[in-house]
1. Quick one: which of 246, 259, 301 is at pLDDT 90 or above and either surrounded by fewer than 23 Cβ atoms within 10 Å (Cβ to Cβ) or in a helix (DSSP H, G or I) (or both)?
2. In the list 367, 385, 354, which residue meets the criterion of being under 18 Å from residue 61 (Cβ atoms) and out of contact with any Pro (no Cβ under 9 Å at 6 or more places or on another chain)?
3. Does residue 121 satisfy the criteria of being more than 26 Å from residue 275 (Cα to Cα) and of a type outside the set (Phe, Trp, Tyr)?
4. Would you check which residues across the stretch 327-357 are of a type in the set (Val, Ile, Thr) and under 21 Å from residue 137 (Cβ atoms) and list them?
5. Within the group 327, 387, which residue is closer than 21 Å to residue 281 by Cβ, in a helix (DSSP H, G or I) and either in contact with a Phe, Trp or Tyr (Cβ under 9 Å, 6 or more places away or on another chain) or open to solvent by less than 30 Å² (accessible area, probe 1.4 Å) (or both)?
6. Are any of the residues in the stretch 118-130 farther than 17 Å from residue 60 by Cβ and either at pLDDT 85 or above or buried (at least 19 other Cβ atoms within 10 Å of the Cβ) (or both)?
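The values are calculated or read from the model by the stated rules, or taken from the named source; none is laboratory data. Bear in mind the structure is a predicted one, so any value in this text is a computation, not a measurement. Heads up, the Cβs are rebuilt from the backbone with ideal geometry, glycines too, and the neighbour counts pull from every protein chain shown. Ligands, DNA and RNA are stripped out before the accessible areas are found, and what is left, the full protein with its side chains, is counted by its heavy atoms. Shrake-Rupley method; radii C 1.70, N 1.55, O 1.52, S 1.80 Å.
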Amino acid sequence: MTRRRGGLLRQRNFRLFWAGETISEFGNSVTLVVIPLVAIDTLHTSTFIVTLLTAMVWLPWVVIGVPAGAWVDRLPPRRVMLACDAVSAAVYASVPVAAWCGGLTVAQLIAVTLIAGSATVFFNSAYQVLLPGVVDEAELAEGNAKLLGSREVAQIGGPGLGGLLAQAGGPVTGLLADAVSFAVSFCCLTAMQPPRDRRSGGPAAGGMLDGLRFAWRDPHVRAMTAFSSLANLALTGVDALIVVFLVRTLGLSSAAAGLIMASLGVGGVLGAFAARPLGRRFGTARALLTVIPGGLCFALLLPLADKGPRLAFACVALVCAGSVVVIANVIFDSFMQTYVSPDIFGRVTSATGAVMFAMMPVGALLAGVLATALGVRGALWILTALIAASGLTFLLTPMRHLRDLPQPPADDSVAAMHLDA
């Protein structure tokens, strides 16, 4: 695959892949707002049911995250993604259909969230396997930056779009929009030319636990998993308290709180633009060792925020956290896609994802316990200290002696490539 002027968006396959993912991410962001609104406004459920629906989003990663990777390693990744898009479109579309027929129940809403969450596990694992077949190895950083950047834009605009859709046509209309977004993603994937499959072509060797073993034994992957797990725990805890902190503790209006929270997404977009230049200028390993610990220290400004000029502390903290997380993700994803053998990559990425995402409900629970015992501001001091400390994990690894992250071991190279039909 030759590189064309104008970047990856000039390449038809990547352009289709990027467009489908961007639209689907907007749909997912809409869903994060609309699902609770359907539970509250349409079904009039309790707060416990709303939190249960949130848990259903992440539960599949804990339950099927590891075995999903074994399946992805044995199947063509594009077919897996097409099947996941079809399932997600169907289950989300079932909600407005049931609501319009007067048959929507809490049980159906929980089932839809659980099934769609399970499809997301398979889709995300296959997505990581497919991307290196869509672009050249030298273009992976650019591809990951563009995809993560559009995801951050979706996270900024998606919730507002979901609120507008719910206001205009009722909450279930937002889920119909999400179903349409998955259908668009399905069409984009179908229109792509068959991407390369970097795997050896034979049956995937080994068991489903091989991904966990690899992640544990390799010092670089282990360090990245440890950082992401601790950061996810602390960031999810902050997410669970940020609205309460801004609205109840600081006394901001809902609109003002929304604007402050949008700073996280703005930081993510900035991080997507900065990741590649930082990696080239300082080296990928040095960027992890300097930019990430330094940037995450600004999270400690969040508990200092208050009404008036001190609101700037919250904005700076969220912008820095958002940008550093995306910089780390661009470097991590690009490294993993070249470093891990294609024949085991699905298992490794799903295993590390299962560990990292399992920390998110733990972080939310920890935030509740700390806020009850110490108050919201006291809990935020502990959680932001954990965010700042998470970046220090790289100083305890062989990365501290490197400029760039290592190339794949020689015995992990794959000679043959074939088309994913």
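1. So the residue among 246, 259, 301 that is at pLDDT 90 or above and either surrounded by fewer than 23 Cβ atoms within 10 Å (Cβ to Cβ) or in a helix (DSSP H, G or I) (or both) is 301.
2. On the way: 367 fails: under 18 Å from residue 61 (Cβ atoms); 385 fails: under 18 Å from residue 61 (Cβ atoms).
The conditions single out 354.
3. On the way: more than 26 Å from residue 275 (Cα to Cα): no; of a type outside the set (Phe, Trp, Tyr): yes.
For residue 121, the condition - more than 26 Å from residue 275 (Cα to Cα) and of a type outside the set (Phe, Trp, Tyr) - is not met.
4. 327, 330, 331, 338, 340, 344, 348, 349, 352
5. On the way: 387 fails: closer than 21 Å to residue 281 by Cβ.
So the residue among 327, 387 that is closer than 21 Å to residue 281 by Cβ, in a helix (DSSP H, G or I) and either in contact with a Phe, Trp or Tyr (Cβ under 9 Å, 6 or more places away or on another chain) or open to solvent by less than 30 Å² (accessible area, probe 1.4 Å) (or both) is 327.
6. Just the residues of the stretch 118-130 that are farther than 17 Å from residue 60 by Cβ, to begin with: 129-130.
From the residues that got through so far, the ones that are either at pLDDT 85 or above or buried (at least 19 other Cβ atoms within 10 Å of the Cβ) (or both) too are 129-130.
Yes: one or more hits.
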